[in-house]
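K.L.:
Shown below is the structure under consideration.
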Amino acid sequence: MALKKLIIPILLLLLLSLSFAFKQDFTQPVQLNWETYFKGKADERSPFIALTAMTWEYSYNSTLYRNRVVIKLKNEVRIDKNRSWVKWDKIKDPEVRASLLHHEQGHVNIQYILLSEAERVLKNRNYSVSNYKAQIAELANQISSYFDTMQRNYDEETEHGSNHKMQARWDRIIEDKMEESRTATLALQK
């Protein structure tokens with residue numbers, strides 16, 4: 001059966017907030033499934049079929065060592081299961097369901113790249129003793145803005161997952177960026 005080209009609009013709600021207690025894991029991004037991660041009540045007024053609510057949170061402890069600021073970073077991306085939802089009546093076809101989940105996984109993978117890049121960029125800078133807090137906040141805002149734009153571009157260019165040619169292109173982009181980020185992080189650990 002040929003899958004009709006469907007416009008499956010999806011909204012990714014990115015809540016980029018600050019928090020001061022969490023952990024990090026850079027091994028692999030979380031693998032989504034409908035049952036575990038989409039427990040919220042669907043917004044019937046929304047034109048979108050699914051919403052994945054995620055937050056990026058970071059905190060740090062700083063110490064002064066030989067007139068240099070050293071930070072210990074805590075960095076995490078969370079999926080808010082109770083605010084993530086799907087309109088089940090709109091995705092009865094198993095192929096459409098799988099395609100939509102695949103698109104949503106792309107959003108999670110982009111956030112995984114954000115997590116890795118934030119770790120690499122924020123930890124490996126020389127900060128001024130007098131204004132390191134402002135410098136860290138500015139870098140974090142730049143990282144957040146960059147990945148927020150990437151998320152919007154992903155949705156726009158893939159038409160929320162319904163343009164399969166562009167979805168395949170973005171799959172490659174995301175995989176390449178994940179690999180680049182892993183490689184850069186490993187190089188710093190040597």
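Throughout, read-outs are computed from the coordinates displayed, never taken from laboratory work. Note that this is a predicted model, so its numbers are computed, not measured. For neighbour counting, all protein chains shown are included, and Cβ atoms are generated from backbone atoms with ideal geometry for every residue, glycine included.
K.L.:
Taking loop as defined by DSSP and a crowding limit of 11 other beta carbons within 10 Å, which chymotrypsin sites (Phe, Trp or Tyr not before Pro) in the stretch 89-190 fit?
P.N.:
none
K.L.:
Now, a different point. Report, in deg cm²/dmol and to the nearest 500, the calculated mean residue ellipticity at 222 nm for the chain, where each DSSP H run with n ≥ 4 adds -39500 (n - 2.57) and the sum is divided by the residue count.
P.N.:
Counting only the DSSP helices, I get -16000 deg cm²/dmol.
K.L.:
Which value, to two decimals, describes the C-alpha radius of gyration of the stretch 10-189 once divided by 2.2 N^0.38 Å?
P.N.:
Details: Rg = 17.8 Å, N = 180, 2.2 N^0.38 = 15.8 Å.
That works out to 1.13 for the stretch 10-189.
K.L.:
Here is a follow-up. Where does the charge balance sit around Asp80 when Lys and Arg score +1, Asp and Glu -1, over other residues with C-beta under 12 Å from its C-beta?
P.N.:
Neighbourhood net charge equals +3.
K.L.:
At 0.36 nm per residue, minus the direct Cα-Cα distance, what do Leu188 and Val129 gain on full extension? Give it in nm, one decimal, please.
P.N.:
Going from the current span to full extension adds 19.0 nm.
K.L.:
Given the pairs Lys87/Lys123; Lys92/Lys177; Lys81/Lys177; Lys123/Lys165; Lys41/Lys74, which span a C-alpha to C-alpha distance of over 29 angstrom in this model?
P.N.:
Too far apart for the 29 Å limit: Lys87/Lys123; Lys92/Lys177; Lys123/Lys165; Lys41/Lys74.
K.L.:
In the chain, what % of DSSP beta bridges are antiparallel (nearest 5)?
P.N.:
Working: 14 of 21 bridges.
Around 65 percent antiparallel, to the nearest 5.
K.L.:
Can you give me the distance in nm between label points at Glu157 and Lys39, each placed 7 Å from the Cα along the Cα-to-Cβ direction?
P.N.:
Result for the modelled spin labels: 3.4 nm.
K.L.:
Please identify, among Asp43, Asp93, Asp148, the residue showing maximal mean-square fluctuation in a Gaussian network model of the chain using a 10 angstrom Cα cutoff.
P.N.:
Of Asp43, Asp93, Asp148, the most mobile in the Gaussian network model is Asp93.
K.L.:
Considering amide H positions built from the backbone, and no H for Pro or chain starts, which residues 5 or more places from Ile49, or on another chain, come under 5 Å of its amide H?
P.N.:
Ile10, Leu11
K.L.:
Could I ask something else about it? Using only alpha carbon pairs under 8 Å that are at least six residues apart, calculate the relative contact order of the chain and give it in whole percent. Could the numbers behind the result be given before it?
P.N.:
Numbers: 273 pairs, mean separation 50.1, N = 190.
Here the relative contact order equals 26 percent.
K.L.:
Taking amide H positions as placed in the peptide plane 1.01 Å from N, state which residues far from Ser162 in sequence (5 or more) or on other chains have amide H under 5 Å from it.
P.N.:
The list, which skips near neighbours in sequence, is Ile8.
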